[in-house]
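Below: one structure, written as structure tokens.
The values are calculated or read from the model by the stated rules, or taken from the named source; none is laboratory data. Quick caveat: nothing in here was measured; it's all calculated off a predicted structure. Glycine gets a Cβ as well: all are built from the backbone with ideal geometry, and neighbour counts include every protein chain shown. Ligands, DNA and RNA are excluded from the accessible area calculation, which covers all protein heavy atoms including side chains. Shrake-Rupley method; radii C 1.70, N 1.55, O 1.52, S 1.80 Å.
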Amino acid sequence: MDYKIALIRGDGIGPEVVEEAVGVLEAVGKKFGHTFTYEEVLLGGCATDAVGKSYPDGTAEKCKACDAVLLGAVGGPKWGADKPAEQRPETALLALRKDLELYANLRPAALRPALVDACPLKKETAERGIDLMMVRELTGGIYFGKRDRYQTEDRGTECTDLMAYSEKEIERIGRRAFELARLRRKKVSSVDKANVLETSRLWRSVMHRLAEEYPDVAYEDVLVDNCAMQIVRDPGQFDVVVTENMFGDILSDEASMVTGSIGLLPSASIGDTAPGLYEPIHGSAPDIAGQDKADPIATILSVAMMFRYSFQLPEEAEAVEKAVDAVLAEGWRTQDIAEPGVTPIGTREMGRRIREHI
Ligand code: NAD
């Protein structure tokens with residue numbers, strides 16, 4: 001098969017980690033008989049420098065003509081908050097997600113077997129294994145609700161942020177979660193605050209209806225405060241965790257911490273029709289950019305997610321994940337995950353070693 005991939009190399013370490021991920025795509029193509037063609041898409045601070053806007057005209061159309069989008073990272077001090085919105089990299093990222101209607105954010109938090117010691121939790125908890133998929137609703141809830149700020153006579157300034165959800169929005173993210181669970185260990189934990197919030201009560205009722213449609217998937221309700229506690233107490237109990245935008249924002253960062261390094265974690269944002277967007281969870285790391293120090297694993301594992309969720313190629317996804325684990329098991333480390341006394345290898349060498357295993 002031939003797949004067309006939009007490449008957004010971005011800023012900082014973005015180009016370095018994307019380069020290694022492309023190498024992995026090529027290695028997988030060679031092994032499994034696929035070809036990949038690439039559409040270079042300019043976005044972020046580098047686009048501001050080149051054409052004066054971080055989100056050049058036609059970006060969404062270019063991406064929509066591809067089967068998937070791979071993004072390194074965007075941003076950096078050069079294009080900070082003092083710049084007008086159209087020159088800021090973050091504006092471009094939000095616009096792209098919106099234009100591609102990417103409403104589901106998938107963030108796996110999996111502890112790589114060779115890195116059990118990097119897990120900040122108790123050793124016996126880490127050894128039981130951590131492999132959860134956080135499914136966060138990305139386009140609704142309090143981050144997109146109406147907000148207001150006004151003066152009162154007796155209480156000074158007052159503000160409101162409205163959390164709103166429709167049945168339709170909840171159902172589509174819920175369905176995603178149940179479908180994903182079928183590809184994994186067949187368990188969905190739906191996180192809400194139904195003992196307090198009306199949006200959560202609607203969320204829960206929609207999830208219960210879906211649970212009946214997926215009798216082969218185990219289902220549970222978890223209150224968000226309890227979930228935050230369980231992620232550090234016993235994360236191994238979770239398979240797919242589905243939740244609304246703000247809860248997901250917080251819980252996915254918490255879950256990522258229990259796996260060790262920010263340089264290891266991939267993510268995907270997907271919608272119903274447009275191509276999915278695959279990217280590491282880390283940013284552009286300007287402090288180590290251009291020094292061959294960045295860990296390319298998060299971006300390489302984002303390619304594995306692309307194989308699994310956009311191209312329905314689970315074997316290819318597994319080949320990438322196994323190659324990463326094999327290199328880590330041999331003891332090779334970039335500086336972000338190097339144990340004391342271990343001499344780290346660079347971005348390029350890590351990429352090359354992973355390719356060789358594929
Ligand atoms: P960051 O993730 O870029 O870096 C945080 C720390 O982690 C730094 O010490 C960095 O060196 C390290 N780090 C990050 N990725 C690494 C990797 N692959 N290998 C080794 N070490 C790694 O977060 P930040 O410093 O808060 O943000 C820097 C810039 O990135 C900002 O402009 C921010 O807006 C942007 N950002 C972009 C995205 C994105 O493109 N999706 C996400 C987050 C932040």
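Overview of values
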read-out	value
Top-ranked residue in the stretch 1-18 [being within 13 Å of the ligand (Cβ to nearest atom) and among the acidic types (Asp, Glu); ranked as farthest from MET305 (Cα to Cα)]	ASP11
Looking only at the stretch 53-67, and only at residues there that are in a helix (DSSP H, G or I) and touching a strand residue (DSSP E or B) at 6+ places or on another chain (Cβ under 7 Å), the one that is farthest from the ligand (Cβ to nearest atom)	LYS62
Unique residue being within 9 Å of the ligand (Cβ to nearest atom), within 10 Å of the chain's Cα centre (by Cα) and among the hydroxyl-bearing types (Ser, Thr, Tyr) when the list is SER261, SER252, SER267	SER267
Criterion: touching a residue at least 12 places away in the same chain (Cβ under 8 Å) and within 10 Å of the ligand (Cβ to nearest atom) - qualifying residue of ASP272, ASP287, ASP295	ASP295
Residue, nearest to the ligand (Cβ to nearest atom), within the stretch 80-102, restricted to residues that are open to solvent by 10 Å² or more (accessible area, probe 1.4 Å), in contact (Cβ under 8 Å) with a residue 40 or more places away in the chain and not charged (D, E, K, R)	LEU93
Failed criterion for ASP192 (all others in (1) within 21 Å of the chain's Cα centre (by Cα); (2) closer than 29 Å to LEU313 by Cβ; (3) charged (D, E, K, R) hold)	(2)
Test: residue in the stretch 305-324 that is in contact (Cβ under 8 Å) with a residue 12 or more places away in the chain, buried (at least 19 other Cβ atoms within 10 Å of the Cβ), polar (S, T, N, Q) and within 11 Å of the ligand (Cβ to nearest atom)	no
Only listed residue being closer than 19 Å to ILE270 by Cβ, open to solvent by less than 10 Å² (accessible area, probe 1.4 Å) and assigned to a helix (DSSP H, G or I), chosen from LEU70, LEU25, LEU43	LEU25
Residue check, ARG333 closer than 15 Å to ALA114 by Cα, touching a helix residue (DSSP H, G or I) at 6+ places or on another chain (Cβ under 9 Å) and either crowded, with 16+ Cβ neighbours inside 10 Å or not basic (Lys, Arg) (or both)	yes
The lone exception for TYR278 - which of (1) farther than 28 Å from ARG204 by Cα; (2) open to solvent by less than 10 Å² (accessible area, probe 1.4 Å); (3) out of contact with any Ser or Thr (no Cβ under 9 Å at 6 or more places or on another chain); (4) at pLDDT 95 or above it fails	(3)
Residue match in the stretch 220-232 (condition: surrounded by 22 or more Cβ atoms within 10 Å (Cβ to Cβ), under 26 Å from ASP325 (Cα atoms) and of a type outside the set (Asp, Glu))	yes
Residues that are of a type in the set (Asp, Glu), surrounded by fewer than 17 Cβ atoms within 10 Å (Cβ to Cβ), in contact with a helix residue (DSSP H, G or I) (Cβ under 7 Å, 6 or more places away or on another chain) and under 21 Å from VAL242 (Cα atoms), drawn from the stretch 141-197	GLU167, GLU171
Members of the stretch 30-40 found to be closer than 20 Å to HIS357 by Cα and either open to solvent by 70 Å² or more (accessible area, probe 1.4 Å) or within 16 Å of the ligand (Cβ to nearest atom) (or both), listed by number	LYS30, LYS31, THR35
Matching option when the condition is touching a residue at least 24 places away in the same chain (Cβ under 8 Å) and open to solvent by 60 Å² or more (accessible area, probe 1.4 Å), among PRO77, PRO108	PRO77
Given (1) among the aliphatic types (A, V, I, L, M); (2) more than 16 Å from the ligand (Cβ to nearest atom); (3) under 25 Å from ARG176 (Cα atoms); (4) out of contact with any Gly (no Cβ under 7 Å at 6 or more places or on another chain), number of the condition ALA50 does not satisfy	(3)
